[in-house]
Amino acid sequence: MTEKIFSAEELLEGTVLLFNKSIDWTSFDVVNKVRYQVKSKKNLSAIKVGHAGTLDPKASGLLIICTGKKTKEIDQFSGLDKEYIATFKLGETTPSFDTETDVDETFPIDHLNQSLISEVVATFVGVHEQMPPDFSAKKVDGKRAYLSARKGKKIELKTATIEIKEIEVLEINIPYITLRIVSSKGTYIRAIARDLGQALKTGAYLTELKRTKIGKFTLDEAITVEQFQKML
């Protein structure tokens, strides 16, 4: 894919681009970078660019970007199942359920063993009502929840129905565990960290997250923003 050269006409007609998002980039950072490069290198004063399925700044991996007329199909890509590789730390919690905020509580982990962890993890398969994190892009009274959470304000979020299609234990190295998770649209892996910690009575937070698949699209097919620049 890195040998391909995109024409202005092709980008306007619509393309589906697979990017490998870096840690500490927002999904909108990628969109803005792509839009800027397309406008400047192809002399396109106005072109639609959008992403299908937000990745948190602390997450890396597959991000679908659409240009031109393909932006009309963003919803169908957003609705596809996603696969993640997630690493959690047990015995501690953070307000954001990931590394964006500092540890606020610690818990004993002496009772943990591989058998117990595997048994509890297996119970997460299925349909659940999941409470989104306060530190999320969910809108409450017209404002993003994370804006209020960062100011320490109380937020009233509503649960959402999600489905965990598959969950596999890849590694247990207490206090860390790594899971492969296949889930439906709208699933917060950080919320799984919270719920898993509660189920194990240890607390937990997400230390590393990589999205590896969106529907049939895989991270192996993805390019970097730098590679895309060369393809213009």
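Of Ala59, Ser45, Val31, which is farthest on the positive side of the dipole of the range 23-63, counting Cα position, with +1 on Lys and Arg Cβ, -1 on Asp and Glu Cβ, and the Cα centre as origin?
Ser45
Roughly how big is the range 82-214's charge dipole about its Cα centre, with Cβ charges of +1 (Lys, Arg) and -1 (Asp, Glu), in debye to the nearest 20? Intermediate results must be reported in sequence, preceding the final value.
Details: 20 positive and 19 negative charges, 163 e Å.
Value, rounded to 20: 780 debye.
Can you work out the Karplus-derived ³J(HN,Hα) for every residue in the range 214-228? Use 6.51 cos²θ - 1.76 cosθ + 1.60 with θ = phi - 60°, whole Hz, and x for glycine or proline.
Whole-Hz 3J(HN,Hα) from phi for the range 214-228: 9, x, 8, 7, 10, 4, 4, 8, 7, 10, 8, 4, 5, 5, 4.
Which of Lys69, Lys33, Lys216 ends up with the largest GNM mean-square fluctuation for the chain, with Cα atoms connected below 10 Å?
So, out of Lys69, Lys33, Lys216, the one fluctuating most is Lys216.
Between Ser40, Ser96, Ser60, find the one with the highest GNM mean-square fluctuation for the chain; connect C-alpha pairs within less than 10 Å.
Ser40
Report, to the nearest 10°, how far helix 27-42 tilts away from the longest principal axis of the Cα atoms in the chain, using its own Cα long axis and a range of 0 to 90°.
10 degrees
Would you grab the residues whose amide H sits under 5 Å from the one on Lys58? Only those 5+ places off in sequence or on another chain, please, with H modelled 1.01 Å from N.
Sorted by chain and number, the residues that satisfy this are Asp24.
Provide the gained length on full extension for the span Ser7 to Thr106, in nm with one decimal, where the gain is 0.36 nm per separating residue minus the Cα-Cα distance.
Values: separation 99, 0.36 × 99 = 35.64 nm, distance 5.42 nm.
In short, 30.2 nm is gained.
Using a Gaussian network model of the chain whose springs link C-alpha atoms within less than 10 Å, name the residue from His51, His111, His128 with the highest mean-square fluctuation.
His111
Determine the dipole magnitude for the chain: charges of +1 sit on the beta-carbon of Lys and Arg, -1 on that of Asp and Glu, nothing else is charged, the reference point is the Cα centre, and the result goes in debye to the nearest 20.
On the way: 34 positive and 32 negative charges, 239 e Å.
Here the size comes out at about 1140 debye.
Can you give the % of DSSP beta bridges in the chain that are antiparallel, to the nearest 5? Let's see the in-between values first.
Numbers: 47 of 51 bridges.
Expressed as a percentage, antiparallel bridges in the chain total about 90.
Please list, in order along the range 176-193, the HN-Hα scalar couplings obtained from phi with the Karplus expression 6.51 cos²θ - 1.76 cosθ + 1.60 (θ = phi - 60°), rounded to whole Hz, x for Gly and Pro.
Whole-Hz 3J(HN,Hα) from phi for the range 176-193: 9, 9, 10, 10, 9, 10, 10, 9, 7, 4, x, 7, 9, 5, 4, 5, 5, 4.
Specify whether the C-alpha gyration tensor of the range 82-214 places it in the rounded, prolate or oblate class, a ≥ b ≥ c being the square roots of the eigenvalues: rounded for a/c under 1.5, otherwise prolate if a/b is larger than b/c and oblate if not. Mind dumping the intermediate values first?
On the way: a/c = 1.92, a/b = 1.30, b/c = 1.48.
Oblate, since a/c reaches 1.5 and b/c is not below a/b.
Bear in mind that the values in this text are calculations on the coordinates, not laboratory data. Just so it is clear, the model here is predicted, and its values are computed rather than measured. So basically every Cβ, Gly included, is an ideal-geometry build from the backbone, and we count neighbours across all protein chains shown.
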